[in-house]
Amino acid sequence: MKDMLPETLEEKIDRLIATIARLAPREPEATDLAAADCFVWSAEAGRLEPVHRVNRVEIALIRGVDRVRDILDDNTRRFAAGLPANNALLWGARGMGKSSLVKAVHAAINRDLAEGEPPLKLIEIHREDIDTLPKLLAILKSAPFRFVLFCDDLSFDHDDTSYKSLKAALEGGVEGRPDNVIFYATSNRRHLLPRDMIDNERSTAINPGEAVEEKVSLSDRFGLWLGFHKCSQDEYLEMIDGYVRHYGLETEPEALRHEALEWATTRGSRSGRVAWQFVQDLAGRMGRRLDA
């Protein structure tokens with residue numbers, strides 16, 4: 001009989017509170033930053049997802065970019081040691097190892113750490129999540145680690161205003177970029193914006209100089225501009241020779257050269273990516289795995 005009695009006002013309120021509590025969004029669980037050296041920022045979940053097996057190559061295998069490799073390595077080591085360092089924009093020809101270099105430098109630095117030194121953390125943020133960068137920085141600024149934020153293939157299209165969030169997060173905001181965070185980005189565009197977008201601003205604005213300045217000032221937030229250019233035939237063959245030696249693929253040098261050049265011709269380009277694709281094909285035909 002008691003179950004059939006009408007609910008009191010107090011009971012109704014209690015039940016309503018319990019229902020609202022179940023429907024309310026839960027705070028995301030805090031990420032254990034000691035769980036891995038690499039993470040991917042999940043903007044929707046508001047947390048960092050650990051990456052235990054990173055897709056990367058040894059820094060010694062990245063050829064044809066010796067100068068920019070040394071500059072990025074030096075900048076990153078200074079940052080890891082708590083010294084002043086710059087945000088870096090790696091721009092230029094596709095397939096020349098821009099993103100591979102960022103991951104390789106990170107691995108090399110952590111490999112050289114003295115016992116007991118905290119590892120440098122690498123966090124990838126996707127291009128479409130750039131507008132959530134302030135939220136990510138708020139999580140990282142009080143953490144006991146130093147972080148390289150990495151955005152691969154960063155660029156902005158027409159009517160895309162999220163670049164303003166990046167500008168403010170890098171240097172322009174009141175709080176500024178936390179001391180324990182540095183930002184690295186790769187792009188095929190030096191100014192991260194389409195050339196026709198910049199030209200249109202110049203041709204239609206009352207003050208063309210000011211309009212263009214607003215658009216290209218984003219790249220000025222990067223203290224390092226590291227250019228990657230198309231490789232020569234000799235550099236392309238050197239890349240392949242390096243892979244072949246590293247993985248112990250025994251093949252006749254002249255035949256290797258002929259096949260490698262033919263492979264590049266069918267692709268219409270020479271680059272580190274094309275060299276790696278050829279080596280994967282070669283290893284597959286030889287029945288070899290590239291696990292070494």
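In nanometres, what is the gap between the two model label sites at Arg53 and Arg15, each 7 Å from Cα along Cα-to-Cβ?
Those two pseudo-labels are separated by 5.1 nm.
Go through region 144-156 residue by residue and turn each phi into a ³J(HN,Hα) via Karplus (6.51, -1.76, 1.60, θ = phi - 60°); whole Hz please, and just put x for glycine and proline.
x, 10, 10, 10, 9, 7, 10, 10, 8, 6, 7, 6, 10
Long-range amide H contacts for Arg47: which residues qualify at under 5 Å (H placed 1.01 Å from N, peptide plane, sequence gap of 5 or more or a different chain)?
Ser42
Using each residue's phi in region 270-275, evaluate 6.51 cos²θ - 1.76 cosθ + 1.60 at θ = phi - 60° and report the 3J(HN,Hα) Karplus result to the nearest Hz, with x for Gly and Pro.
10, 6, x, 5, 5, 4
Where the centroid of each part is defined by its Cα atoms, how far is region 265-292 from region 119-141 in Å?
Computed from Cα coordinates, the inter-centre distance equals 33 Å.
Around Cys151, which amide H atoms from residues at least 5 apart in sequence, or from another chain, sit under 5 Å from its own amide H, with H modelled in the peptide plane?
Excluding prolines and chain starts, which carry no amide H, the hits are Ile125, Tyr184, Ala185, Thr186.
Please list 88-101, 251-264 highest first by mean number of surrounding beta-carbon atoms within 10 Å per residue. Mind dumping the intermediate values first?
Working: 88-101: 22.7, 251-264: 14.2.
Ranking, from highest mean packing down: 88-101, 251-264.
We did not get these values from a lab; they are worked out from the coordinates using the rules stated. Everything numeric in this text was worked out from a predicted model, so none of it was measured. FYI the Cβ positions are ideal-geometry reconstructions off the backbone, even for glycines, and counts take in every protein chain you see.
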